[in-house]
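The values are calculated or read from the model by the stated rules, or taken from the named source; none is laboratory data. Quick caveat, the model's predicted, so the values are computed rather than measured. FYI the Cβ positions are ideal-geometry reconstructions off the backbone, even for glycines, and counts take in every protein chain you see.
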Ligand code: PAF
């Protein structure tokens, strides 16, 4: 595995692969890799000829009072894991490489970014869109892999590539969960044991909305009520920020829910902000780790 810090070198390497006719897959990450990231890497390794994983803790997507300083950093461990998996390139630029002096050009998406998490994290998606567009320009991949846990992020990125004619296909892969349903996130390691013991109620709340819908409840307020009821069973430790049901393409709350609509939650456990979501209908395609896990991390 090549570890590359410079954009020009990364771009040249990918251009060489493209000229040989290889399909290149990109997995953008902020490091602190867990099994959720690794499932994206596995998907890229199996679908593409060459896999690039970017590790860049993007400062511009963190608000002033958010957790950039505490965000876990473990680049050496991440690189060891990626090498073992057979990744072709790790792209690990420094902040100055991604954001040159006097950087002042942003990708700002309206509408989808104002909803759900965007309503509480005003500049977050500006930072995400900008860095992802820059990564897409540097690593000219055929396919990029994102997790469904961040389904708003995936919807925003899909809209960005459509609106800006970026020639890449986005693949959104299933959420990977602990055995009790907690969606894997690099932020889970902030949780105290007491907080961790309460977090399963997010998953239970999503399941409650799904089961309600599937047993015939078609009133959004009732479904949202079922979600909140389950979250309240988090022993007072879980503080919901939002509970919503939205259409996957518009992120609007539908008048009458349908099976493709998504139940979504953001909640705090102590200072740790957790998000999760699940479609109301269809098969639950999420991946649940068994007790021992098959974790590499
Ligand atoms: O999902 C993430 O880890 C980040 O938002 C991303 C897509 C790598 C951009 O920094």
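Listed by first and then second residue, the pairs with beta-carbon distance under 6 Å, at least 6 apart or on different chains, first residue in the stretch 120-133 and farther than 13 Å from residue 64 by Cα, second part of a loop (DSSP other than H, G, I, E, B) and more than 9 Å from the ligand (Cβ to nearest atom), are 126/106; 126/108; 129/107; 129/109; 130/106; 130/107; 133/107. Residue-level check: of (1) surrounded by fewer than 19 Cβ atoms within 10 Å (Cβ to Cβ); (2) free of Cβ contacts under 8 Å to residues at least 60 places away in the same chain; (3) more than 30 Å from residue 110 (Cβ to Cβ), residue 260 misses just (3). Within this structure, residue 274 passes the test of being crowded, with 17+ Cβ neighbours inside 10 Å and at negative phi. Where helices (runs of 4 or more DSSP H) sit wholly within the stretch 1-106, those with at least 3 residues that are surrounded by 15 or more Cβ atoms within 10 Å (Cβ to Cβ) and within 16 Å of the ligand (Cβ to nearest atom) occupy 35-47, 75-85. Given the criteria crowded, with 20+ Cβ neighbours inside 10 Å and at pLDDT 95 or above, does residue 251 qualify? Here the answer is yes, as residue 251 does meet what is asked.
Residue check: residue 228 meets all listed conditions (1) modelled with pLDDT under 95; (2) over 19 Å from the mean Cα position of the chain (by Cα) but one, namely (1). Within the stretch 156-176, the only residue that satisfies the criterion of being more than 13 Å from the ligand (Cβ to nearest atom) and surrounded by 21 or more Cβ atoms within 10 Å (Cβ to Cβ) is 176. Those strands (runs of 3 or more DSSP E) of the stretch 180-297 in which at least 3 residues are within 30 Å of residue 85 (Cα to Cα) and in contact with a strand residue (DSSP E or B) (Cβ under 8 Å, 6 or more places away or on another chain), considering only elements entirely within it, cover 272-279. Can you find a residue in the stretch 116-139 that is in contact with a helix residue (DSSP H, G or I) (Cβ under 8 Å, 6 or more places away or on another chain), at pLDDT 95 or above and more than 16 Å from the ligand (Cβ to nearest atom)? So far as the stretch 116-139 goes, no, none of its residues is in contact with a helix residue (DSSP H, G or I) (Cβ under 8 Å, 6 or more places away or on another chain), at pLDDT 95 or above and more than 16 Å from the ligand (Cβ to nearest atom).
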